[in-house]
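Note sheet for the following structure.
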Amino acid sequence: MLVSRCKFTGISAPFSVGAFVKHLAVPLSTRLHCALVNAEGGPQSRAVHCPKFQALKSHQKEQLHLYVDALLEWNQRMNLTAVREVGEVMERHVEDSLSIVPPIRDSYLSRCGASCGKISVVDVGSGAGLPGLVLAIAEPDWQVTLVESMRKRCVFLEHAVNLAGVSNVEVVNGRVEDIGNDSCFREHFDVAVARAVAEMRVLAEYCLPLVRVGGLFVAAKGHNPEDEVKNAETAIRSMGASLLQVCPVESHGPYGQRTAIICLKGHPTPRKYPRSPGTPAKEPL
């Protein structure tokens, strides 16, 4: 796995994953995995009834089990998510991330004129790997790049990717403002996704420079994003894109109705990556 493929201003040299893991002293436990698979009653039993999770193949479920175990183990030492229970992680994060797969597939097939069997996806502000790592497990033919600015979270992502045996993921440590200006990544991806990162206006400026002409930007939002979308219209147009669809997404988790905001990249973005003043903090997970 590659943590920092290109060099960016202000990003230090590659670091030792092994040394960081040793420093954390967090041994992998099978306790959480067993609870997820075998418990009866309580949140754990509800987790395995998530419809989209249940639709996966057995080895994909096993990979997600391992990922959730690692997430909860490392969460005892790092601030990865406010969710602490297996069932909540499955409903709030895994099932919720899986819910954006159908909109991505449907929109790509109908608008991009090609099969979505082998596409490149970038998850901007991946954090704990949501939704990018979940998408990579659910769609093993997709090549997924997880972009995360915090080095500690990148170490966790590398650990989770290796532990779950996911071969179609690359982890990149860097600020999206720098990555969007780098030729290694600029207008390189078929699809950019973002979940719980920032408001739509800012997301458009973060994500669209990474999307190739003819590609998609998909933002996972709550049930009532109309004001966000309206406020983002100018930013979307300035990035060479148009609003394609605002579609409700079926979600069985506690969030209730979710929405996928889908933009189509129509022409190259301005050469200089825009920087939005007063960028809001990352949305809570």
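So how much slack lies between Ala55 and Arg175, counting 0.36 nm per residue of separation and subtracting their Cα-Cα distance, in nm?
Details: separation 120, 0.36 × 120 = 43.20 nm, distance 3.49 nm.
Extra length available between Ala55 and Arg175 comes to 39.7 nm.
Across the stretch 147-155, rounded Karplus estimates of 3J(HN,Hα) from the backbone phi angles (6.51 cos²θ - 1.76 cosθ + 1.60, θ = phi - 60°) give 9, 9, 7, 8, 5, 4, 5, 5, 4 Hz, Gly and Pro being marked x.
In this structure, the amide hydrogen of Arg258, modeled 1.01 Å from its nitrogen in the peptide plane, lies closer than 5 angstrom to those of Val249, Ser251, counting only residues at least 5 positions away or on a different chain.
Over the Cα atoms of the stretch 158-237, each weighted equally, I'd like the Debye log10 I(q)/I(0) at q = 0.11, 0.14, 0.15, 0.24 Å⁻¹, rounded to two decimals. So the normalised log intensities are -0.35, -0.55, -0.62, -1.18.
Largest first and in whole Å, the equivalent-ellipsoid semi-axes of the stretch 96-265 read 22, 18, 16, each the square root of five times a Cα gyration tensor eigenvalue. In whole Å, what is the distance between the alpha-carbon centres of the stretch 144-207 and the stretch 230-250? Cα centres, the stretch 144-207 to the stretch 230-250: 20 Å. Taking 7 Å steps out from each Cα toward its Cβ at Ser115 and Cys184 produces label points 3.0 nm apart. Residues whose amide H lies under 5 Å from that of Ala241, counting only those 5 or more places away or on a different chain, are Gly266; hydrogens are built 1.01 Å from N in the peptide plane. With 0.36 nm allotted per residue and the present C-alpha distance subtracted, the Asp227-Val246 stretch has 5.6 nm of extension available.
Taking Cα centre as origin and charging only the Cβ of basic (Lys, Arg, +1) and acidic (Asp, Glu, -1) residues, the dipole magnitude of the stretch 96-265 rounds to 60 debye.
Since every read-out is calculated from the coordinates, none of them should be taken as a lab result. Keep in mind that this is a model prediction, so the values were computed, not measured. Using ideal geometry, Cβ is built from the backbone for each residue, glycine included, and neighbour counts are taken over all protein chains shown.
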